[in-house]
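Below is one structure, written out as structure tokens; the observations come after it.
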Amino acid sequence: MHIVRGRAPEDRPTKKRTKTFTGEAWADPLMPQTADGDTISSVTFTPGSRTYWHSHTGGQILIVTAGLGWICAEGSQPEVIRAGDIVWTPPGERHWHGGTRTTIMTHVGISIGPTNWLEEVEDEDYQAPPSAHAT
Ligand code: MN
């Protein structure tokens with residue numbers, strides 16, 4: 001057992017995510033990565049920012065803690081996610097997540113195993129769901 005104490009200001013700096021993110025997103029590591037590649041981070045997406053397409057070897061739980069964003073599984077329409085929503089993405093499912101074009105979104109991401117990063121999400125794929133006003 002290993003207890004990770006609450007946020008310490010200097011030993012786990014907030015990191016601006018670059019290579020596998022479009023736009024400006026910041027990740028606050030809540031737990032050091034385990035030997036199996038598991039991570040827990042709080043990620044804040046500024047408007048217009050999102051991950052690249054990716055999958056998680058062991059799946060991922062997202063807990064949306066602030067704002068409004070979009071998430072999309074390959075082959076499906078994007079969906080709105082907002083504070084309080086929880087998303088389970090099964091192992092190997094290709095997807096992306098981020099803010100909307102006009103709002104921030106912050107989630108705690110619990111990723112099981114390594115993340116497999118793929119290509120950038122093109123602007124034509126980064127869009128509101130058809131039923132955005134109904135959700
Ligand atoms: Mn993910």
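Numbers below:
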item	result
Checklist (1) surrounded by 19 or more Cβ atoms within 10 Å (Cβ to Cβ); (2) of a type outside the set (A, V, I, L, M, F, W, C); (3) touching a Leu at 6+ places or on another chain (Cβ under 8 Å); (4) within 20 Å of Thr18 (Cβ to Cβ) applied to Thr89, failing item	(4)
Some residue of region 15-37 being under 17 Å from Pro129 (Cβ atoms), surrounded by 14 or more Cβ atoms within 10 Å (Cβ to Cβ) and of a type in the set (A, V, I, L, M, F, W, C)	no
Strands (runs of 3 or more DSSP E) (entirely within region 1-90) containing at least 1 residues that are over 21 Å from Gly113 (Cα atoms) and touching a residue at least 24 places away in the same chain (Cβ under 8 Å)	25-31, 39-45, 60-73, 79-82
Extreme residue, farthest from Phe45 (Cα to Cα), among residues of region 94-117 that are without any contact (Cβ under 8 Å) to a residue 60 or more places away in the chain, surrounded by 18 or more Cβ atoms within 10 Å (Cβ to Cβ) and within 12 Å of the ligand (Cβ to nearest atom)	His95
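Read-outs throughout are calculated quantities, based only on the coordinates presented, and are distinct from any laboratory measurement. The model shown is predicted, which means the values in this text are computed figures rather than measured ones. Cβ coordinates were reconstructed from backbone atoms using ideal geometry, including for glycine residues, and neighbour counts include every protein chain displayed.
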